[in-house]
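Engineer: The structure that follows is given in the form of structure tokens.
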């Protein structure tokens, strides 16, 4: 077995061939450290790493590197997210060095939601580089010890490089090629957008497997349990690139009053069962948005506990 | 061309409320083509200012003059005998015009009459759309002849992002996803191999990020 690239828990779990299980935690809209720790505590020992979002949906929150460090101090492995919207290449590279120096070992590279979605739509965006170039930047800093400008990095940051993939955005036929491009650029693992349309995801994975992408990169399937019919409708109508089939909305509606959330969890559990068997899927990324306290129960019922110690 | 839109009349009236002698200067260039700053629009604005002055009981003197272009000192100097009769000058040219007027007539107070929007063209009658960001290093041939710098909301060189939906950009259903168009066009042209090529970070020194720009053509400099 070749040397680990970063030596994070997530990398070790995947490398050992375990079915990975990652979670997500959004930093607070303020300096509420207690709340962050409380949310993180539900995920401790239940997931292999916790994605710490970077001003997600372009809403100002505690910086993802700071929240990542707080979780790390509390024994939770972060998957530090970075978007290209808010930083130029100087800030990006210095933050990469900063988080690595402070003990962070996983990093997810994203373009980021456009600022028009968030609470500072008047702001100017950066997009000096894009997510593909960000992946390549981390890879080059890590493996070649070079900055974007070609100069030497004094002690390269050894990070396990993550990327996102949205099989449901368009044009569908190009999505698997874009995933291939991200892998060529340096992605070690990929977390997908929330999956609801299973037929489409099966087709996407089939194409990925046919191209051998699952052998070059760990693909984690994105799961977000629906809490309500309203949430399903919101996701379906308001969130770009999200594919929520009518059949799922119908199923949630049919669950009856007070039972929709349980039906949403049941659907998520069925998905996880299928992903465990699906060729090319190396794990699940569970994004239980503002529902972190439910993650232990979902993990238990999904049969992914206890998490492997590697 | 450079595309501009008229400033709201209320804003213009507020800008020049302290002046009695106002010269409206139109431009026969881009702003004439996009119907906001030519001779016709200069006449309409001048007349609006006069009417508004009369309503308020103010005796305004409003002149109008339209130049061949306002981005050339040769034409700006045409105004030298006219401008002295006025306290304020409203330029209906793009952002270049009021600056050339300010530089040409340092003692005059110059106001912009339009908001300059972008470099683009008419996609249908009465509709203009952005096409160029003036980044200084054109590479549209790599993207099926379509510019992701100007036309992708995130200026992605390795798009499309995960927000592309039904051919539209994540920011609005009114905005086309240029990457959707790039991918479809290049796949139709059997250019998938180019599409999957990694495009490295752009050198922005030729864009505005390199500082205010200037172009010198030695052979033309007298």
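Please treat every number below as a calculation from the coordinates, not as lab data. Model, not experiment: these values are computed from the prediction. When we count neighbours, we look across all protein chains shown, and the Cβ atoms used for this are built from the backbone with ideal geometry, even at glycine.
Engineer: If one takes the longest principal axis of the Cα atoms in chain B, at what angle in degrees, from 0 to 90 and to the nearest 10, does the Cα axis of helix B:178-188 lie?
Structural biologist: Tilt relative to chain B: about 40 degrees.
Engineer: State whether the stretch B:134-210 is rounded, prolate or oblate according to the following rule on the C-alpha gyration tensor (a ≥ b ≥ c being the square roots of its eigenvalues): a/c under 1.5 gives rounded; otherwise a/b larger than b/c gives prolate, and the remaining case gives oblate.
Structural biologist: It comes out oblate by the Cα gyration axes.
Engineer: Only helical DSSP H runs with n ≥ 4 go in: add -39500 (n - 2.57) per run for the protein assembly as shown, normalise by residue count and round the 222 nm mean residue ellipticity to 500 deg cm²/dmol.
Structural biologist: Calculated from helices alone, the mean residue ellipticity at 222 nm is -10000 deg cm²/dmol.
Engineer: Given an 8 Å cut-off on Cα distances and at least 6 residues of separation, report the relative contact order of the stretch A:178-238 as a percent.
Structural biologist: Here the relative contact order equals 45 percent.
Engineer: First measure r as the distance between the Cβ atoms of residue A:276 and residue B:140, then evaluate 1/(1 + (r/R0)^6) with R0 = 35 Å and state the FRET efficiency to the nearest 0.05. Please report the intermediate quantities before stating the final value.
Structural biologist: Details: r = 46 Å, r/R0 = 1.31.
Approximately 0.15, to the nearest 0.05.
Engineer: Which residues in the stretch B:196-222 have a backbone N closer than 20 Å to a point placed 7 Å from the Cα of residue B:72 along the Cα-to-Cβ line?
Structural biologist: B:214-222
Engineer: Another question, if that's okay. Mean separation of Cα pairs under 8 Å and 6+ residues apart, divided by the residue count of the stretch A:69-198: what relative contact order is that in percent?
Structural biologist: 24
Engineer: On a 0 to 90° scale, report how tilted helix A:198-210 is relative to the longest principal axis of chain A, with both axes built from alpha carbons and the result rounded to the nearest 10.
Structural biologist: Compared with the principal axis, the helix lies near 40 degrees.
Engineer: While we're here: Please state the shape class of the stretch B:2-117: rounded when a/c is under 1.5, otherwise prolate if a/b exceeds b/c and oblate if not, all from the C-alpha gyration tensor.
Structural biologist: Values: a/c = 1.78, a/b = 1.25, b/c = 1.42.
Oblate is the answer for the stretch B:2-117, as a/c is 1.5 or above yet b/c matches or exceeds a/b.
Engineer: Can you give me the angle between helix A:33-43 and the longest principal axis of chain A, using Cα atoms only, in degrees from 0 to 90, rounded to the nearest 10?
Structural biologist: 60
Engineer: Something else about it: If we count other beta carbons within 10 Å of each Cβ, what is the order of A:286, B:79, fewest first?
Structural biologist: Neighbour counts put them in this order, fewest first: B:79, A:286.
Engineer: Between residue A:73 and residue A:151, 0.36 nm times their residue separation minus their Cα-Cα distance comes to what? Spell out each step's value before the answer.
Structural biologist: On the way: separation 78, 0.36 × 78 = 28.08 nm, distance 3.26 nm.
Result for the pair: 24.8 nm of gain on full extension.
Engineer: Also: Quick check on chain A: take the gyration tensor over C-alpha atoms, sort the square-rooted eigenvalues as a ≥ b ≥ c, and tell me if it's rounded (a/c under 1.5), prolate or oblate.
Structural biologist: Since a/c stays below 1.5, the shape of chain A is classed as rounded.
Engineer: Determine the relative contact order of chain A: mean sequence separation of Cα pairs under 8 Å and six or more apart, normalised by residue count, in whole percent.
Structural biologist: 20
Engineer: Can you give the % of DSSP beta bridges in the protein assembly as shown that are antiparallel, to the nearest 5?
Structural biologist: 25
Engineer: Direction-averaged shadow area of the convex hull around the Cα atoms of the protein assembly as shown, nm²?
Structural biologist: Mean shadow area of the hull around the Cα atoms is 31.6 nm².
Engineer: Report for the stretch B:9-143 the percent antiparallel among DSSP-assigned beta bridges with both residues inside it, nearest 5.
Structural biologist: Rounded to the nearest five, the antiparallel share is 25 percent.
Engineer: Now, a different point. Quick one: if you stick a label point 7 Å off each Cα along the C-beta vector at residue B:108 and residue A:59, how many nm between them?
Structural biologist: 5.2
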